[in-house]
Amino acid sequence: MPSRFSDAFRAHPQQQLKHPDFTSLHELPDSYAWNQRDDPSPETFATESVPLVDLNDPNALQGIGHACKTWGIFQVTNHGISTSLLDMVEHTCRSLFSLPVHQKLKAARSPDGVSGYGFARISSFFSKLMWSEGFTIVGPPDEHFRQLWPQDFSYHCDVIKEYKEEMKKLAGRLMWLMLGSLGIIAKEDIKWAGPKTDFKEASAALQLNYYPACPDPDRAMGLAPHTDSTLLTILYQNSTSGLQVFKEGAGWVAVPPVPGGLVINVGDLMHILSNGSYQSVLHRAMVNRSHHRLSSAYLYGPPSTVEISPHPKLVGPTHPPLYRPVTWNEYLHTKAKHFNKALSSVRV
Ligand SMILES: C=C1C[C@]23C[C@H]1CC[C@H]2[C@@]12CCC[C@@](C)(C(=O)O1)[C@H]2[C@@H]3C(=O)O
Ligand SMILES: O=C(O)CCC(=O)C(=O)O
Ligand SMILES: [Fe+2]
């Protein structure tokens, strides 16, 4: 099924890289050995940690605003997504990535496509390979899931559909909390939120990530440093740590899994919408010697035709707009071409 994002990638087809069977590799091949990983000094971990916000706390709005300004990332608890649903998603991920390689390749992402199995899109910007596998879902997963699991595809489709619905509701709630903290509170302030202010027309992609256990984790990279091209991203990580974020002055800081918690990232489009008040966070995923790791990222953005620009309430004589208006599609196109220079290329 053609997706709304496919236009963005057609002009920048991704080179087809052959996925190895990670379980058969007992040493790190040179193509996976990253020489300059820019590792944190050990003391970095102790001094600062990513804010944790309880969504039932009456001060959640202030906590979120502060976290978005200083970190561009925070974790949430009491978010309303049931543990049983998160367990089901984890089970679907596990079942998907433990299929034999030839089976997963039946649902391979096409070079100019968005959905399917393969390396992360950003792979093409790095000379070394990443120690991970990914599965991107945009729109209904049915066609690809039928190729993966001819027998049980409908169970897995139902899990993913329910997860996407729940994530969409949570993302809408987080949008109002993040915007509210900037004084954007009235429903007229964001027209595309729709008559029910539920952001019904929002678009999203679901990225499932699998990081196999790695014989030489200190030289490998699970997912290279990047910012997400979203308004916000909701990340679920299983109990194995690996996510790190870059904080000015502190370096790379680990984001340890919090039981029942979800990680919320500020994406590039939110940085634009907030006229630079909120930071989109640079993050990466590391790998582990003995444990594999799973994560699922719900990448959330505006409807395809909506232009995102610095919000008028945040623009004035002393605060000129820092970015020109851009649609999500256009921005993904720019990202596919310029990667980490995408934001500066839309600066006015
Ligand atoms: C809607 C999106 C957002 C995408 C592209 C497209 C589908 C897959 C997303 C990711 C997921 C993994 C990291 C990233 C950097 C990547 O390589 O693919 C993301 C990218 C972006 O945030 O730019
Ligand atoms: O696996 C992780 O912790 C990070 C995943 C991520 O950044 C992404 O999918 O965009
Ligand atoms: Fe990411």
Criterion: open to solvent by 10 Å² or more (accessible area, probe 1.4 Å), more than 16 Å from ligand 3 (Cβ to nearest atom), touching a residue at least 24 places away in the same chain (Cβ under 8 Å) and not β-branched (Val, Ile, Thr) - qualifying residue of ALA204, ALA213, ALA220: ALA213
Segments classed as strands (runs of 3 or more DSSP E), wholly inside segment 218-334, with at least 2 members that are within 23 Å of ALA204 (Cβ to Cβ) and within 12 Å of ligand 2 (Cβ to nearest atom): 223-226, 232-237, 243-247, 262-266, 283-285, 293-301
Any hit, segment 93-101, residues being modelled with pLDDT of 95 or more, aliphatic (A, V, I, L, M) and more than 24 Å from THR23 (Cβ to Cβ): no
Top-ranked residue of segment 101-121 - restricted to ones that are surrounded by 19 or more Cβ atoms within 10 Å (Cβ to Cβ) and not small (Gly, Ala, Ser), ranked as farthest from PRO212 (Cα to Cα): VAL114
Condition met for ILE64 (in a loop (DSSP other than H, G, I, E, B) and modelled with pLDDT of 95 or more): no
Filter pass, ALA254 being open to solvent by less than 30 Å² (accessible area, probe 1.4 Å), within 16 Å of ligand 3 (Cβ to nearest atom) and either closer than 21 Å to LEU208 by Cα or modelled with pLDDT of 95 or more (or both): no
Considering residues of segment 106-147 that are in a loop (DSSP other than H, G, I, E, B) and of a type in the set (Ser, Thr, Tyr) only, the residue nearest to LEU235 (Cα to Cα): SER132
Verdict on LEU322 being open to solvent by 20 Å² or more (accessible area, probe 1.4 Å), more than 14 Å from ligand 3 (Cβ to nearest atom), modelled with pLDDT of 95 or more and touching a Pro at 6+ places or on another chain (Cβ under 8 Å): yes
In segment 277-300, residue nearest to ligand 1 (Cβ to nearest atom) [restricted to those that are closer than 18 Å to LEU232 by Cβ and open to solvent by 50 Å² or more (accessible area, probe 1.4 Å)]: LEU282
Matching entry among LYS164, LYS191, LYS187, LYS196 (being within 16 Å of ligand 1 (Cβ to nearest atom) and either open to solvent by 20 Å² or more (accessible area, probe 1.4 Å) or within 25 Å of PRO310 (Cα to Cα) (or both)): LYS164
So LEU182, is it away from ligand 2 (no atom under 16 Å from the Cβ), open to solvent by less than 40 Å² (accessible area, probe 1.4 Å), within 21 Å of the chain's Cα centre (by Cα) and more than 14 Å from ALA107 (Cβ to Cβ): no
The lone exception for LEU231 - which of (1) surrounded by fewer than 21 Cβ atoms within 10 Å (Cβ to Cβ); (2) out of contact with any Cys (no Cβ under 9 Å at 6 or more places or on another chain) it fails: (1)
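The values are calculated or read from the model by the stated rules, or taken from the named source; none is laboratory data. Just so we're clear, the structure is a prediction, and the values are computed from it rather than from any experiment. Positions of Cβ are backbone-derived with ideal geometry, glycine not excepted, and every protein chain shown enters the neighbour counts. The accessibility values were calculated without ligands, DNA or RNA, using every heavy atom of the protein model including side chains. Shrake-Rupley method; radii C 1.70, N 1.55, O 1.52, S 1.80 Å.
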